[in-house]
Each structure stands twice: as C-alpha cells, then as structure tokens.
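The values are calculated or read from the model by the stated rules, or taken from the named source; none is laboratory data. In this text the structure is predicted, and so the values were computed from the model without any measurement. Cβ placement follows ideal geometry from the backbone for every residue including glycine, while neighbour counts extend to all protein chains displayed.
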Amino acid sequence: MANEVTKTMPPSTRLRQTDVGEVTVDIRTPDLEINFGPQHPATHGVMRVLMRTDGELVTGAQPHLGYLHRCAEKIGENVEWLQYLPYTDRYDYLASMNNNLGYSLAVEALLGVEIPRRATLIRIICAELNRIGSHLVAFGTYGLDIGAFTPFLYCFREREWMMALFEKICGARLTYSYIRIGGVFNDAPPGWFEEVARFCDVFEQKWPEYVDLLLVNQIYVKRTANVGVISREMALDFGLTGTMVRGSGIDWDLRRDMPYMCYGEIWRDGAFKIPVAKGEMGALGDCWDRSWVRVMEMMESIKIVRWCLDHMVDGPVIGELPKTLKVPAGEAYVGIENPRGELGHYVVSDGGKVSVRTRVRGPSFCNLAVLEDILPGALVGDAIAIIGSTDIVVGETDR
Amino acid sequence: MDFQGILDRLVAIRAPGLVKADEPRKPDPKDKKDKGRAGDPFVIVEPALLASFVEACRDDDRLHFEQLVDLTATDPSKDSADLWINVQLLSLKFRHRLAIKALLPKSAAKLPSLVPVYRASQWHERECAEMFGIVFEGHPDPRNILLPDDWVGSPLRKDYEFPKEYHGISCE
C-alpha cells in the first residue's frame, strides 16, 4: 500500500533517506484544504497560505498576501523626498536601518551629493548591527517555530543590547529613520563607539552558544536537514537573493560583488568573508543550510563593524543639502544587501519636490514566491520549517 | 561589463526589439529649459518583443543575465500617453546589471508575459497588473496579489481617484 501511494505523489516528494520508516503514508484520504494563517504564529505577521493536504502530506500551496498592504509606493508619490524616509522603516521593520540606507542611496544616486566619510562608516556600523539583530530574530524565532523555545530567549538577550545601542544614537528602538538622505541624522553620542566595541567582544563570546544550543542540535538538524530543498537553478529562476541564494550554494553577495559605500574597501582589506552553504547536514539548499548562513553571517558583520571602528575618522555626518529637497530629473535603481536579500529602490524624479515613482523591491516578496513550488510534497509539520526558513517579514512582502 | 559593453553586445547579437539606449547627461548650458537627466543608463525595448529580448539577454553567453531582479511599471504623468515597464536584470557571473524600459501605450496596455523566461516575474507581473491595469498575456495565474479580488481601478495610475467607500466602510 505504502509503495502505491508513493508512486502517485509528485516527483519532488521523498521519504527522507535517513528517516525511511519513520513516516508512513498508507491511506490516501480525500483532499482537505486548510488555511494556514492569516493569524498563525509561524507566519511571522499576517499572511495566509491555502494548503491542500492529503493526510499529512501537502499537495498544493497558494500564498495569499496583502493583509498588511499599506500602499507604501502610492505614499511615495504623494509626500516629499525627505518625508518618505519614515515610511521605509515600516516595510522590513526588523532591518529599518538597512531600509533607510537603501532609500537614501537611491535618492543620492540622483542627487550626486558627496557623503562625508564619517557618515559612511556610521552607516555601515548601523546597517551591520541591524543585520545581526535581524538574523538573531530570524534564527531565534525559527527555533521557536519548530519547537525550541530556549534559544529564542538567548537570541533576544543580545538583540536587546543592539536595540539599546540604537536607542542611544537615534532615540528609537525599532523604526529609526536615522540614516538620512545625505548622511546620518546626528553624530554618535560620547562613548557610543566604545560601547559598540564592547558589544562586539561580548557577542563574540556569546555566539558559540547559538551554534551549540540550536544549530548543531540533533533535533534541530533532523527537523531541518533535507527539508525544503531549493536547487541552484530554482534559486536563480525565482530571483532569490541574499541568504536564500547563498543557502543554495551560490556565492553571491552585493556587498562584495557590486560594492556600495566603502564595502569594496573593507573586502579588499580582507576584513570579512561570505559564508556560502555547502550542504553539510543534508542536500545542498535545505532549511539547515539557510539557517547556517544566517548564523555565520552574524560573525562576519561583527568583523565589518570592527573594521569601521578601527578606521573611524572625525568630521561632519551629513552633507550640505537644502531643507526642501529638489531632486534632478532622472531615474535610478539601487539594490543593497538587506538581511533578507536584495532591497531595491527604483526612484523616478521629474525635477520636483515629490517623486514620480518610488518602487520598492522587497526581498521577502521575491523569496516568498518560491513557496508555491517547494511546499507541495512536504509534510504539514515541515511546511512550518520551510516557511520559517525563508525568513519573511510580512511588512515587506505587502509593503 | 559596463553599460557600453552590454549595449555593443546587444547590437552585435541583434537582440529583438532593441530601440535605443538612454544615458544620463548633464544639462545643456545654452538651453535654460534643459534639465538634463541624472541616474542610470537604460535601454528602450519594444513591449511586444520584451519577452524575446530578455530571453536573448539570458541565453547569450557574454551577457548571461541569470536573474530578473525586478519588474515594475511607472505612470510618468496624467498626460503621458505611455506607461513604462521597468525591468532590472542581473548577471551573477559577470557582475553587471541592465535596466530595461518598454513604453506601453495606455490605450492598449498589453504585452506578453515574461514568466516562460523568468519565473521570478510571476508575482511582479501580478502586482503590475493590479496596480496599473496592464494585461500580461499568457500569465499562468493572473489574480490580484496585494489588493482584494474585487478592487476597482488601478491605484498607481496617476489618474486614479481614491474610492469614497469600500463595502460600506467610509474612506473619507
């Protein structure tokens, strides 16, 4: 009986080689359509996946978005250039600094202003600290999704300090609007860089705890290895970026390959590496590989922060800009490496005070599209692991 | 490859539908009305041949655009007769990008879908379709993605009028 059913399953279906016998699919049941979400803790926001199941097997999946659609792109056409900045905080609210940065770089590409060196270095420090914070949430809540509560608390312990650091520099804990067009809002308070250096020291000591507690934990490995495999070809075809594409074994990082700000200089100094998954625990491109990339990236971010602290210079932190900004006519696309992938801003100006078009290419939106293809053939329990491993922030998929 | 190199290659392989290149330029000092153009260079392509054009870009071994990063549309102004389709391609192998623009008449906002070439464009096209009222012919799943299924109008068109109510809920 079991063999018969296996034959009718889609070719992507597999009983795990290491686990054959643990899962027995014996009776074909009538198809059942279930709504996963919109209010489900594992969707990390308000998203609904309509799943067709045959017993424990997912045979079809259809993500439904839009519950958190706040018309960011329409707002962009109705407010002035500088006024739009706080809205960028609100698409990927776990990496607001990076969103501010992406938008500022896109507008600066049209303006052609020169950014003071000190501002650039502070920008990189903030972006990388925010990347660490974002990966901590991604990794911690991923453990939570698949049943490990404790590592989540360890992750939030360090994230709390990171947020306190941001509170000191800009007054906000989540929606910063700190990186502005032309530079950053204000200079770091006295002692801030020293505290960042202390944070780096402590983080380096704490980091092995995540690896020991969760990443190489046997239960975790069994839940994630060989699950939700995304092949290289699929990753390219679906336009996946960031940790998703590195998790599939493709060596690609915008910070190194298309450097912006002074990442090129940091890379040439040999200060950081790009972790690329090798399929150590199972097939290349599975859920474990993606979380491995995130954990390894945190340490590389620490190295980048250290480099910036060592090369910090004195000077102004914001370029000379008029209060009412008029952006030269033209159009520019700037993509930066967000924690979730390539965050692209496509801005069009007609020379006025308001943009003609502000397009946001959210990495979560593009990464989520792959669900329709990798969920069918998985078990319902694994579906949670797969959705969690794509590390979506619904604020960004819906914008 | 820089933009000029990509352009030369596109001409050499006779990429279908290539109209011309548009590069940023400084304002003309003699003409006071001329504002110039800032930003990135891009190529202009016939909308009906856009799918064949990106396919040629993907398959050529010197261009090698493996990824479609972004596909979106722009309504430049109320008076404009055209919508723009904006596509961003990326080559991981050669580390270069190409921005493509297709001018699509508002009176016949239709073009072939790019999904057979890049699966990545599937959701981008759905978003474009609902926000700008563009029809992508041959799209496998042409439902709304961010808006409700019964939404009326194309919100990102410049002539869009905000609704006064939605299902009896006042929006004013």
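Per-residue answers, yes or no, for (1) under 28 Å from A:LEU236 (Cα atoms); (2) away from chain A (no Cβ under 13 Å):
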{"position": "B:GLN4", "(1), (2)": "yes, yes"}
{"position": "B:GLY17", "(1), (2)": "yes, yes"}
{"position": "B:GLU23", "(1), (2)": "no, no"}
{"position": "B:PHE42", "(1), (2)": "yes, no"}
{"position": "B:VAL45", "(1), (2)": "yes, yes"}
{"position": "B:SER52", "(1), (2)": "yes, yes"}
Worksheet item: Which number in (1) more than 23 Å from B:ASP79 (Cα to Cα); (2) in contact with a Phe, Trp or Tyr (Cβ under 6 Å, 6 or more places away or on another chain); (3) touching a residue at least 12 places away in the same chain (Cβ under 8 Å) marks the one condition that B:ARG119 misses?
Response: (3)
Worksheet item: Is it the case that A:ARG290 is in contact with a Cys (Cβ under 9 Å, 6 or more places away or on another chain) and crowded, with 18+ Cβ neighbours inside 10 Å?
Response: no
Worksheet item: Can you tell me which residues in the stretch A:129-165 are modelled with pLDDT of 90 or more, among the small types (Gly, Ala, Ser) and surrounded by fewer than 18 Cβ atoms within 10 Å (Cβ to Cβ)?
Response: A:ALA164
Item to complete: Keeping to the stretch A:328-375, report how many residues are facing chain B (nearest Cβ under 7 Å) and of a type in the set (Val, Ile, Thr).
Response: 2
Worksheet item: Can you tell me which residue in the stretch B:93-119 is surrounded by the fewest Cβ atoms within 10 Å (Cβ to Cβ), limited to those that are within 13 Å of B:LEU49 (Cβ to Cβ) and of a type in the set (A, V, I, L, M, F, W, C)?
Response: B:LEU103
Item to complete: Check off (1) more than 22 Å from the chain's Cα centre (by Cα); (2) over 21 Å from A:TYR220 (Cα atoms) for A:ILE304 and give me the number that stays unchecked.
Response: (1)
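Listed here are the residues, each with its yes/no results for (1) touching a helix residue (DSSP H, G or I) at 6+ places or on another chain (Cβ under 9 Å); (2) in a loop (DSSP other than H, G, I, E, B); (3) under 16 Å from B:ALA99 (Cβ atoms); (4) among the β-branched types (Val, Ile, Thr).
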site: B:LEU10; (1), (2), (3), (4): yes, no, yes, no
site: B:ARG14; (1), (2), (3), (4): yes, yes, no, no
site: B:ALA48; (1), (2), (3), (4): no, no, no, no
site: B:PHE53; (1), (2), (3), (4): yes, no, yes, no
Response to the item:
Over the stretch A:220-250, the set of residues within 16 Å of the chain's Cα centre (by Cα) and without any contact (Cβ under 8 Å) to a residue 12 or more places away in the chain is none
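Being out of contact with any Asp or Glu (no Cβ under 7 Å at 6 or more places or on another chain) and part of a helix (DSSP H, G or I) narrows it down to one residue among A:LEU94, A:LEU85, A:LEU136; which is it? It would help to see each step written out before you state the result.
Values: A:LEU94 fails: part of a helix (DSSP H, G or I); A:LEU136 fails: out of contact with any Asp or Glu (no Cβ under 7 Å at 6 or more places or on another chain).
Testing whether each residue is out of contact with any Asp or Glu (no Cβ under 7 Å at 6 or more places or on another chain) and part of a helix (DSSP H, G or I) leaves just A:LEU85.
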Worksheet item: Only one of (1) more than 18 Å from A:VAL394 (Cβ to Cβ); (2) of a type in the set (A, V, I, L, M, F, W, C); (3) touching an Asp or Glu at 6+ places or on another chain (Cβ under 8 Å) is not met by A:ILE374, so which one is it?
Response: (3)
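Go through the residues of the stretch A:219-231 one by one and say whether even a single one is part of a loop (DSSP other than H, G, I, E, B), crowded, with 18+ Cβ neighbours inside 10 Å and within 14 Å of chain B (Cβ to nearest Cβ).
yes
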Response to the item:
Note on the stretch B:55-70: residues more than 12 Å from every other protein chain (Cβ to nearest Cβ) and of a type outside the set (Asp, Glu) are B:ALA56, B:CYS57, B:ARG62, B:LEU63
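Considering each of A:LEU129, A:LEU110 in turn, give the residue that is in contact with an Asp or Glu (Cβ under 9 Å, 6 or more places away or on another chain) and either in a helix (DSSP H, G or I) or closer than 16 Å to A:CYS262 by Cβ (or both).
On the way: A:LEU129 fails: in contact with an Asp or Glu (Cβ under 9 Å, 6 or more places away or on another chain).
Of A:LEU129, A:LEU110, the one residue that is in contact with an Asp or Glu (Cβ under 9 Å, 6 or more places away or on another chain) and either in a helix (DSSP H, G or I) or closer than 16 Å to A:CYS262 by Cβ (or both) is A:LEU110.
For the stretch B:23-50, name all the residues that are more than 23 Å from A:GLY335 (Cβ to Cβ) and either of a type in the set (Val, Ile, Thr) or touching a residue at least 24 places away in the same chain (Cβ under 8 Å) (or both).
Here is the first cut: in the stretch B:23-50, the ones more than 23 Å from A:GLY335 (Cβ to Cβ) are B:25-36, B:46-49.
Once the filter is applied, which keeps residues that are more than 23 Å from A:GLY335 (Cβ to Cβ) and either of a type in the set (Val, Ile, Thr) or touching a residue at least 24 places away in the same chain (Cβ under 8 Å) (or both), the stretch B:23-50 yields B:GLU46, B:PRO47, B:ALA48, B:LEU49.
So if I check each of A:GLU265, A:GLU280, which one is surrounded by fewer than 19 Cβ atoms within 10 Å (Cβ to Cβ) and more than 30 Å from B:HIS96 (Cβ to Cβ)?
Details: A:GLU265 fails: more than 30 Å from B:HIS96 (Cβ to Cβ).
Sole residue among the options that is surrounded by fewer than 19 Cβ atoms within 10 Å (Cβ to Cβ) and more than 30 Å from B:HIS96 (Cβ to Cβ): A:GLU280.
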Discussion item. Within the stretch A:63-81, take every residue that is more than 9 Å from chain B (Cβ to nearest Cβ) and surrounded by fewer than 17 Cβ atoms within 10 Å (Cβ to Cβ) and give me the one that is nearest to A:TYR91 (Cα to Cα).
Written reply: A:ARG70
Practice prompt. Please find, within the stretch B:74-84, the residue that is surrounded by the most Cβ atoms within 10 Å (Cβ to Cβ) out of those that are in contact (Cβ under 8 Å) with a residue 12 or more places away in the chain and more than 9 Å from every other protein chain (Cβ to nearest Cβ).
Written response: B:LEU83
Worksheet entry | Single condition B:PHE162 does not satisfy, out of (1) part of a loop (DSSP other than H, G, I, E, B); (2) at the interface with another protein chain (Cβ under 8 Å from one of its Cβ atoms); (3) closer than 19 Å to A:ILE75 by Cα | (2)
Worksheet item: What are the residues in the stretch A:232-251 that are crowded, with 24+ Cβ neighbours inside 10 Å and either touching a Leu at 6+ places or on another chain (Cβ under 6 Å) or assigned to a loop (DSSP other than H, G, I, E, B) (or both), if any?
Response: A:PHE238, A:GLY239, A:LEU240, A:THR241, A:GLY242, A:SER248
Discussion item. In contact with a Pro (Cβ under 8 Å, 6 or more places away or on another chain) and at negative phi: which single residue out of A:LEU110, A:LEU105 fits that description?
Written reply: A:LEU110
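Report yes if A:SER301 is away from chain B (no Cβ under 14 Å), assigned to a helix (DSSP H, G or I) and surrounded by 22 or more Cβ atoms within 10 Å (Cβ to Cβ), otherwise no.
Details: away from chain B (no Cβ under 14 Å): yes; assigned to a helix (DSSP H, G or I): yes; surrounded by 22 or more Cβ atoms within 10 Å (Cβ to Cβ): yes.
The answer is yes for A:SER301.
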